[in-house]
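S.K.: Sharing a structure with you now.
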Amino acid sequence: MIAHLRGKLIAKSPNQVIVEAGGVGYELTISIPTFSEMPAQHSEVALHVYTHVREDALALFGFLRRDEKQLFEKLLSVSGIGPKLAITILSGMATEAMIAAIRGNDVAALTRIPGIGKKTAERMVLELRDKLDQFAASPARPAASPIEEDVISALVNLGYQRTAVERALSKAGSGNGARSFDILFRDVLASVSK
């Protein structure tokens, strides 16, 4: 079983990467959050790997962060969720938000993920609610000002991941006094576009 892979990133797309290690190119299915944190092509990359074996296929699933891989494995334990759907789920909601939704019985938030209906969301809550102890409660993020919320909303509507926008917003030093929407929007857009 392959559990970890380090090598040169040969190719990447939003749902898969090819990593060359020891002269062999490994194709791994990845989630959108992993893709957005991937380094540039031809860079060194290290991935946590889940190896899925079926009688007709061998599939590798890669994750930059260990907690994302652990949540993926927890999702696989839910009846009716296979590896492809688990990757779709991880791509549809940030890890911390998903853990909070499961712990808080927020079926409505889970059903907003493409491919998840009400019954699957209810099963996720029922089967995983007590199995997420290893995941620390996410630190409370200070409430965003109305201008910061507008910037987040605008960039999410342009197609950027909310978690990436929030990270860029915190790096932009939004606490430097009252900044206008235009200035803050440009700073965060420049940061998230890198």
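S.K.: Hey, among ALA121, ALA154, which residue is modelled with pLDDT of 80 or more, open to solvent by less than 40 Å² (accessible area, probe 1.4 Å) and under 27 Å from ALA40 (Cβ atoms)?
M.R.: ALA154
S.K.: Can you list residue pairs whose Cβ atoms sit under 6 Å apart, with the first residue in segment 167-194 being in a helix (DSSP H, G or I) and the second being aromatic (Phe, Trp, Tyr) and modelled with pLDDT under 85? Count only pairs 6 or more apart in sequence or on different chains.
M.R.: Here the result reads VAL192/TYR160, each pair linking segment 167-194 to a residue that is aromatic (Phe, Trp, Tyr) and modelled with pLDDT under 85.
S.K.: Oh, and also: I'd like the full set of residues that are touching a residue at least 60 places away in the same chain (Cβ under 8 Å), touching a helix residue (DSSP H, G or I) at 6+ places or on another chain (Cβ under 7 Å) and not charged (D, E, K, R), limited to segment 53-111.
M.R.: Those that are touching a residue at least 60 places away in the same chain (Cβ under 8 Å), touching a helix residue (DSSP H, G or I) at 6+ places or on another chain (Cβ under 7 Å) and not charged (D, E, K, R): LEU71, SER91, ALA94, THR95.
S.K.: Would you check which residues across segment 20-59 are in contact with an Asp or Glu (Cβ under 9 Å, 6 or more places away or on another chain) and farther than 19 Å from SER91 by Cβ and list them?
M.R.: Within segment 20-59, just TYR26 meets the criteria.
S.K.: Right, here's the next one. Evaluate the following for ALA140: is it surrounded by 10 or more Cβ atoms within 10 Å (Cβ to Cβ), modelled with pLDDT under 80 and either under 19 Å from the mean Cα position of the chain (by Cα) or not in a helix (DSSP H, G or I) (or both)?
M.R.: Judged against the criteria, ALA140 is not a match.
S.K.: If you take just the helices (runs of 4 or more DSSP H) that sit entirely in segment 28-99, which of them hold at least 3 residues that are crowded, with 19+ Cβ neighbours inside 10 Å and of a type in the set (A, V, I, L, M, F, W, C)?
M.R.: Helices (runs of 4 or more DSSP H) meeting the threshold: 66-76, 83-92.
S.K.: Shifting gears a bit: If GLY7 satisfies every condition in (1) surrounded by 15 or more Cβ atoms within 10 Å (Cβ to Cβ); (2) within 27 Å of GLU127 (Cα to Cα) but one, which is the exception?
M.R.: (2)
S.K.: Kindly provide the set of residues from segment 100-115 that are part of a loop (DSSP other than H, G, I, E, B) and either under 14 Å from GLU68 (Cα atoms) or charged (D, E, K, R) (or both), ordered by number.
M.R.: Answer for segment 100-115, where residues must be part of a loop (DSSP other than H, G, I, E, B) and either under 14 Å from GLU68 (Cα atoms) or charged (D, E, K, R) (or both): ASP106, ARG112.
S.K.: From the list ALA46, ALA101, ALA86, ALA94, which one is over 15 Å from the mean Cα position of the chain (by Cα) and at negative phi?
M.R.: ALA46
S.K.: For GLU127, indicate whether it is of a type outside the set (Val, Ile, Thr), surrounded by 16 or more Cβ atoms within 10 Å (Cβ to Cβ) and over 17 Å from the mean Cα position of the chain (by Cα).
M.R.: Yes: the conditions hold for GLU127.
S.K.: Condition first: of a type in the set (Val, Ile, Thr) and more than 17 Å from SER43 (Cβ to Cβ). Now tell me which residues in segment 1-23 satisfy that.
M.R.: ILE2
S.K.: Out of all the residues in segment 113-120, is one or more at positive phi and of a type outside the set (Asp, Glu)?
M.R.: yes
The values are calculated or read from the model by the stated rules, or taken from the named source; none is laboratory data. Quick caveat, the model's predicted, so the values are computed rather than measured. Ideal geometry is used to build each Cβ from the backbone, glycine not excepted, and the neighbour counts take in all protein chains shown. Ligands, DNA and RNA are stripped out before the accessible areas are found, and what is left, the full protein with its side chains, is counted by its heavy atoms. Shrake-Rupley method; radii C 1.70, N 1.55, O 1.52, S 1.80 Å.
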